[in-house]
Amino acid sequence: MEWIFEEGIPIYTQIVRQLKLQIANGTYAPGEKMPTVRELAIDAGVNPNTMQRAFAELERDRLLYSVRTIGRYVTEEKEILNGLKKNMSNRFINELFVNLKKLGMDEEEIKAAVKEWKTEEEI
């Protein structure tokens, strides 16, 4: 995976977001063993402590769980996974509305633009 980090946002926060997206979209499937902190840190080009901090946050959010001496796994709890998808989709929709409102569009114009886009995508 290619890791791209933005300036001005803590790296661990960006890692958490990217891993949440990968869990939500099934890149890391429910019940799947995660790569080790060290493996992902090397892949992302970050300090292992940074990756550990991201993993700790994902565990607090109950998206990952640890099995002593074996590793970390993606939760299989459907309620938690569905909540993750809902929260992420709401954030993406909110970002869309915020950005389109910055263009001067009102909600009706945004809804019409989304419908038009959807129609064009189906063709």
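The values are calculated or read from the model by the stated rules, or taken from the named source; none is laboratory data. What you see is a predicted model; the values in this text were computed from it and never measured. A quick note on method: Cβ atoms are made from the backbone with ideal geometry, for glycine too, and the neighbour counts reach across all protein chains shown. Accessible surface is based on the protein model in full, side chains and every heavy atom, while ligands, DNA and RNA are left aside. Shrake-Rupley method; radii C 1.70, N 1.55, O 1.52, S 1.80 Å.
Give the Cα extents of the chain along the principal axes, in whole Å, largest first.
Principal-axis extents of the Cα atoms in the chain, largest first: 54, 34, 27 Å.
Calculate, in nm to one decimal, what Glu7 and Ile93 gain on full extension: separation in residues at 0.36 nm each, minus their alpha carbon distance.
Details: separation 86, 0.36 × 86 = 30.96 nm, distance 2.33 nm.
Net length gain for the segment: 28.6 nm.
Once phi is turned into ³J(HN,Hα) by the Karplus curve 6.51 cos²θ - 1.76 cosθ + 1.60 with θ = phi - 60°, what whole-Hz value does each residue of the range 59-72 show in order, with x for glycine and proline?
Using θ = phi - 60°, the values come out as 5, 4, 7, 6, 7, 10, 9, 9, 10, 3, 6, 10, x, 10 Hz.
Compute a Gaussian network model of the chain, connecting alpha carbons closer than 10 Å, and tell me which residue from Met51, Met105, Met88 fluctuates the most.
Maximum fluctuation in the GNM of the chain, among the listed residues, is at Met105.
Would you work out what percent of the accessible area of the range 11-76, with all protein chains in place, is carbon or sulfur (probe 1.4 Å)?
Working: 1760 of 3630 Å².
The C+S portion of the solvent-accessible surface of the range 11-76 is 48 percent.
Which of the trypsin sites (Lys or Arg not before Pro) across the range 33-117 are loop residues per DSSP, with 14 or fewer other Cβ within 10 Å? Could you put the intermediate results ahead of the total?
Numbers: sites: Lys33, Arg38, Arg53, Arg60, Arg62, Arg68, Arg72, Lys78, Lys85, Lys86, Arg91, Lys101, Lys102, Lys111, Lys115; in loops: Arg62, Arg68.
Answer by residue number: Arg62, Arg68.
Can you count the Lys pairs in the chain whose Cα atoms are under 13 Å apart, with each pair 8 or more apart or on different chains? Working shown, then result.
Numbers: Lys20/Lys85; Lys20/Lys86; Lys78/Lys86; Lys101/Lys111.
Total qualifying Lys-Lys pairs in the chain comes to 4.
What is the angle, in °, between the Cα long axis of helix 78-102 and the longest principal axis of the Cα atoms in the chain? Nearest 10 is fine, range 0 to 90.
Long axis of 78-102 versus the principal axis of the chain: about 40 degrees.
Could you state the accessible area per residue of the range 11-76 in Å², with a 1.4 Å probe and every protein chain left in place?
Heavy-atom accessible area per residue stands at 55 Å².
Below 8 Å, C-alpha to C-alpha, sequence gap of six or more: please give me the relative contact order for the range 1-110 in percent.
Answer for the range 1-110 is 25 percent.
Within the range 43-120, which GluC sites (Glu not before Pro) sit in a loop by DSSP and count at most 14 neighbouring Cβ atoms inside 10 Å?
Passing sites in the range 43-120 are Glu76, Glu77.
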